[in-house]
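The values are calculated or read from the model by the stated rules, or taken from the named source; none is laboratory data. Here the structure is a predicted model, which means the values were calculated and not measured. Glycine gets a Cβ as well: all are built from the backbone with ideal geometry, and neighbour counts include every protein chain shown.
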Amino acid sequence: MKKYFETLDIDWYKQRLTGAIFCAMVAFVILFLRLFHLQLVAGENYRRLSENNCIRLQYTDPPRGLIYDRHGVLLVENRPSFDLSIILNDAKPVDETIRKLTELIRTTPDEIYGRVSQIKGAASYNQLILKQDIGRESLAAIEARKYDLPGIAIGVKSRRYYVNENSAAHLIGYLGEINSEELKSGDYKGFRRGDSIGKFGIEKACEGPLRGERGGSQVEVDATGRMIRALKKVDEKPGANIYLTIDRRIQMRAEELLEGKAGAVVAVSPRTGEVIAMASSPSFNPNAFVSGIAHKEWQALISNPQRPMENKAIQGEYPPGSVYKIVTAIAGLEEGVIDENSSFFCPGFYSFGNRVFRCWEKRGHGTMDVVSAIEASCDVFFYQTGQKLGVDRLAWYAKACGLGSPTGVALDHEAPGLIPTANWKLMRTGVPWQAGETLSVAIGQGYDLVTPIQMACLTAAVANGGKRFRPSIVKKVETVDGRLVEATVPEIVGLIPATPRTLALVKKGLWRVVNGERGTARRVRIEDIDISGKTGTAQVCSRKVEKMKREGDVETHFKSHAWFVAFAPSDNPEIALCVLIEHGEHGSTTAGPIARELIKTYFEGGTSENVIKAQGDRSLDEG
Amino acid sequence: MMFDRRLVACFNWGLLGLAFVLGCVGCIAIYSAVTSGSNGVQHPLYLKQLIWYGAGLAAMVVSFCFNYKKLDRWAVFIYIFGILLLIGVLFMGKFVSGSRRWLSLGPVSFQPSELIKLAVILILARYYSKHANLKGLTLRQLLVPMTVTLIPFFLIVRQPDLGTAILLVLIAASMTVFVKIERRSLFYLMITGVVTIPMVWFYLKGYQKQRILTFLSPDRDPLGAGYHIIQSKIAIGSGMLYGKGFLKGTQNALNFLPEQHTDFIFSVLAEEWGFFGAAIVLIVFLMLILWCLNIALGCRDPFGTILSVGIAAMIFWQVFINIGMVMGLVPVVGVPLPFVSYGGSSIITMMICIGLLLNVSMRRFMFE
C-alpha cells in the first residue's frame, strides 16, 4: 500500500510542480514587462528627470497655533520673518552669486562661506540657510535682483512673538530647536533637525495641537532649480489655538505686585479649579529664545540666585509655616483630639520634653480655642494639637488635602513637596522620629515642604466646602476657523476629609484672621469685599537664624518666607489664592497686601464671575 | 557517512553556481550603493557583506552535512526555538528607527524573523508530507498550519515588521496551495474572506483606513512612500538600455534613494547597468527558482519535495515583492532581495536554504 501510495504521489507532485513553474514564469513575465516599460519605453523621460534630480520635495510648515487668555486677549502670536537660503548646486557660478549677494545685503563673504563650508557635498541639492530674519530692505533688494541670483531663495517663516514679554512667561513657556536626544526618544515622530518645538510651559504641554500637521508637495524643477510645476500636494493642517484659563488683567496685576521680589502668586477658581493667574518672579523674556538665546544672556539667567527660569508657583518647595495650621486644625477636629470647645492656655511658650517651644507672641495669647487660635495664629495651641495627633496622623490628613504630591496641573517639572512620616524619616536619615519634631511640623516648620499651587488648591477646597479640583490651565482648544476641539471640564480629584462642621469652624477662624480683633491680617481687610485668609511665616533654617535674630542682624537669604492664602468673598467664594514671597519675613506685612490688591483688582468694576463670563463671550465675538 | 561517493556525484554544482553569481552581483551593487558619488566615501558595509557571505558559506556546508530527513524530526523543536527568539526580541531587542527586530549577540546582531521563515517551512513540510492527499486538505487539516503560521505572524507584526509578516503568510499559503486544498474547503475559505473583509473594513477607524489605502497605493503619500517610489522608478527608468555605468548612478549618488543598500538595491543596479544588467539579474533569479523546483521534481520523498517548494516559494516571493515594489507594482514593504540586499541574517538564512536544497538534491537516490 505504501509503495503504491508513493508512486502515485510522485506523478501527482509532478503535476503540482508544473503548475508552480507556470505561476513563477507568469510572475516573472510581469516583472520583465514592467522593467521593459520603465527602461525602454519611458526610459528617456526618466533619464531627463534623473538629471539634476528634477523631482524634489518641498515642505510647507503650517502656522503654529496662537495662545489667548480666557477672554480671548492675544498673548502669543506669529509674525513673518524672512530667511535667506542657497542651493549650492543651482547657484552656479557660486563665487559670483555670493559676491552679488554681499553687495546687496549687509553681510561679508566670509560669513557666507563660513556657513557653506559646514555642509558636505551630498547636500548640495538641499536648501542651506545663510541668514535668518533678514530685514524688509534686504528682502526687497534681493527680490528685485532675483534673476541675477540663481540658487538663492527667500523663505517666509513664522516667528513666535510673545506679546506681553515677561508676563506669564513660565506658564506660556518658549520654543527651542529640537535636540538629538529628543529626536531619538521616539516622542517626536516626524520631527526633523532644525524644527522648533515647545521646550517649556504650555508651548511644550500643548505641542501637539499647537503644531498642526506639515504639508508639502512633489515639485518638478528646471536645471537651475526653479520650480516648473507642483505634481502632488498634501495640504498642511494649521495649528489649533489655545485659550488659557488665566485672565491677563489679573495676571499682569499679580506680576506688577511681585515686581522686585522673588516669589509666586497662584489664583484659582474654587468653583472649577481654573487657574486665574500664575505668576513667578523674577521672570524672563521668552522672545529672547525665539532666534536662539545668546550664550551670555543664558548664563546670566541661570546664574541669577533668584532663579528666574524656575516657575516658583509649581517648582518652588518651601516650608509652609503657619498656613499649615489649617491642616492641623482639620486633622485635630476630625480625629477628635480637639473640638470647638477645647481650649489651651498659651503663656508664650510650651515645654515639651527637655525643650521649650516658643510661640511667636512672646507675651502669650492667653486661653485659646481653635477659632481664636487660627485667628491669632497661636503656635502653642497647635503644638499641643499636633502632639496629640502624632506625625503620622497629621501626615495622613496633609496628604488627603493634596499636599506631598503634585496637583497634576498640566505643566512639566511640578514638584511634589514633602510631608514627613515617622517611616520616611527613618528610611531617609536612619534616625527615628522624635516626638518634639511633630510640634514643629504641626506649625509648618521642620521637614514640611509645599508649593504655592498646592496651597492655592487647598485654600480653594476649604473655601468651596471640601472639593479638591485639579488645577486647569487650558480652557479650550479651537481650530483656526473657530471650531471647538476640546474644552476642559472641571475635574474633582479628591475631597478634604472633613465634615461640614469642621470646615465651618476652620472657615470661621480664617474669616477672623482678616476681620477679627486679634486677626494677624487685619490690614488685608477691604471695605466692600469680604476676605478670609491665613498668614504664614516660614523659617528658613532655625538655629542659625535664631542666633542672628539675637544678634539683631539677619541677612536677607536667611529671612523667613512670607505666605498668605486667601479666598473671597467668604460666602460663596469666587477666587482663592496663595502668595509666597521668598525671604519676605512676615506674611502679614509682605504677602498679605499683595493678596489684598489682587483681590481688589479681581473685583474691580463690579466684576463678578457672571459679568466676566459675559465680557469674555463678547470679546470672543469681536476678536 | 558524509563522504559517500553518491553524495559527491549527485552534488548540484549548478545551484551553487547560481548562488555564487547572485552573491557577486550583490557585492558589486552594494559597493556602489554605499559609495556616494564623486566623494568616494566608502563604508565598510560591503566588507561586512563579504564576511557575511563567508559565514553563510560555512552555514551552508553545515546544512548539507547531515541527512535532511532528520529535520523532519527536529522541525518542531526548531520551530519552538524560533518562537522563543521572536518573543525574546519583543522584550530584549535593540530599537532601530522605531522597531525592534534584532537580537544582539556580542558584536553581531541577527533577526529572528529571518530564521522563523525557515522554521515555518520546515514544520509545514513535516505536517504536509504526512497529510497531503489526492483530494486536498480539509478545513480541519488546515487548522494546524494556520495556527503555526499565525503565531509568528502576530509576533512579527508587533515588532513591527509588516513586510516579513506578509512574506511569511505568502510562503505558507504557497506551500498550502501546492499540496492542494480540498475544493469545498477552499470555497468556504473564500466565502469567509469575502464576508469578513467588508465587515472588518467597516469597523476600522478613519485613520486606519487611510493608512491601508496609502499602503496599497503609495501615490497617496506623496511626501513619504510615494516620493521614494517615484525616485526609484526614475532611477530604474533612467538606466535605459545600457545603464549609466558602474558607480555612475546619479540618483544613488545624490542619496535620493532611501535604504539604497537594502530595500532599493535593485534600483541602484538597474540605474547603473540598464536593461541589460537588470534583465540578466531577473533571469538568474528565475533560473534559481526553477532550479529549486527541479530539485523538488527529482526528490522521491514528500518531505524533501515540499521543503524544496517552500524554499522556492520564499525566494520567489522575496524577489517578486522587492523588485515589484521598487518598480511601483507592489505596495511598499521592506523585504530583502535574496543574496543581493545587505543584511547578515538574510544572507545566512539564504545560504542555509541553498545548503538544504543541496542536501535534498544530493540524497535523492538514498532511501533510508
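The table below lists the values:
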quantity: Search result, residues across the stretch A:107-117 that are surrounded by 11 or more Cβ atoms within 10 Å (Cβ to Cβ) and more than 12 Å from A:I142 (Cβ to Cβ); calculated: A:P109, A:E111, A:I112, A:Y113, A:G114, A:R115, A:V116
quantity: Filter result for A:L84 (at the interface with another protein chain (Cβ under 7 Å from one of its Cβ atoms) and either crowded, with 17+ Cβ neighbours inside 10 Å or assigned to a helix (DSSP H, G or I) (or both)); calculated: no
quantity: Set A:S158, A:S138: member being touching a strand residue (DSSP E or B) at 6+ places or on another chain (Cβ under 7 Å), surrounded by 14 or more Cβ atoms within 10 Å (Cβ to Cβ), in the same structural domain as A:V94 (by TED's automatic domain parsing) and not basic (K, R); calculated: A:S158
quantity: Top-ranked residue in the stretch A:453-482 [being assigned to a loop (DSSP other than H, G, I, E, B) and touching a residue at least 40 places away in the same chain (Cβ under 8 Å); ranked as farthest from the chain's Cα centre (by Cα)]; calculated: A:N464
quantity: Residues of the stretch B:173-207 satisfying the condition of being part of a helix (DSSP H, G or I) and in contact with a Phe, Trp or Tyr (Cβ under 9 Å, 6 or more places away or on another chain); calculated: B:S174, B:M175, B:T176, B:F178
quantity: Restricting the stretch B:204-247 to residues that are out of contact with any helix residue (DSSP H, G or I) (no Cβ under 8 Å at 6 or more places or on another chain), hydrophobic (A, V, I, L, M, F, W, C) and facing chain A (nearest Cβ under 9 Å), the residue that is farthest from B:A279 (Cα to Cα); calculated: B:L223
quantity: Contacts under 6 angstrom Cβ, first residue in the stretch B:308-328 being over 18 Å from B:L115 (Cα atoms), partner among the hydroxyl-bearing types (S, T, Y) and assigned to a helix (DSSP H, G or I), 6 or more apart; calculated: B:V326/B:S232; B:V326/B:S267
quantity: Any hit, the stretch B:104-120, residues being at positive phi and free of Cβ contacts under 8 Å to residues at least 40 places away in the same chain; calculated: yes
quantity: Unique match (being within 10 Å of chain A (Cβ to nearest Cβ), at pLDDT below 95 and part of a helix (DSSP H, G or I)) among B:F285, B:F303; calculated: B:F285
quantity: Failed condition for A:V41, given (1) over 46 Å from the mean Cα position of the chain (by Cα); (2) surrounded by 17 or more Cβ atoms within 10 Å (Cβ to Cβ); (3) among the β-branched types (V, I, T); calculated: (2)
quantity: Single condition B:L223 does not satisfy, out of (1) assigned to a helix (DSSP H, G or I); (2) among the hydrophobic types (A, V, I, L, M, F, W, C); (3) modelled with pLDDT under 85; calculated: (1)
quantity: Cross-chain or 6+ apart pairs with Cβ under 6 Å, the stretch A:13-31 first and over 17 Å from B:G136 (Cβ atoms), then among the aromatic types (F, W, Y); calculated: A:A24/B:F316; A:A27/B:F320
quantity: Residue in the stretch A:335-354 that is within 26 Å of A:G587 (Cα to Cα), in a loop (DSSP other than H, G, I, E, B) and not assigned by TED's automatic domain parsing to the domain that holds A:K534 present; calculated: no
quantity: Qualifying residue in the stretch A:55-66 (condition: among the small types (G, A, S), touching a Gly at 6+ places or on another chain (Cβ under 7 Å) and surrounded by fewer than 19 Cβ atoms within 10 Å (Cβ to Cβ)); calculated: no
quantity: Index of the failed condition, B:G163 passing every other in (1) surrounded by fewer than 17 Cβ atoms within 10 Å (Cβ to Cβ); (2) of a type outside the set (A, V, I, L, M); (3) more than 16 Å from B:G82 (Cβ to Cβ); calculated: (1)
quantity: Total residues in the stretch B:1-28, condition modelled with pLDDT under 80, assigned to a helix (DSSP H, G or I) and surrounded by 12 or more Cβ atoms within 10 Å (Cβ to Cβ); calculated: 2
quantity: Subset of the stretch A:26-63 [of a type in the set (K, R) and more than 7 Å from chain B (Cβ to nearest Cβ)]; calculated: A:R48, A:R56
quantity: The stretch A:12-25, residues that are more than 7 Å from chain B (Cβ to nearest Cβ) and more than 30 Å from B:F276 (Cβ to Cβ); calculated: A:Q15, A:T18, A:G19
quantity: Checking A:G404 against (1) under 30 Å from A:I202 (Cα atoms); (2) modelled with pLDDT under 90, the condition it does not meet; calculated: (2)
quantity: Subset of the stretch A:358-392 [assigned to a strand (DSSP E or B) and not basic (K, R)]; calculated: A:G366, A:T367, A:M368
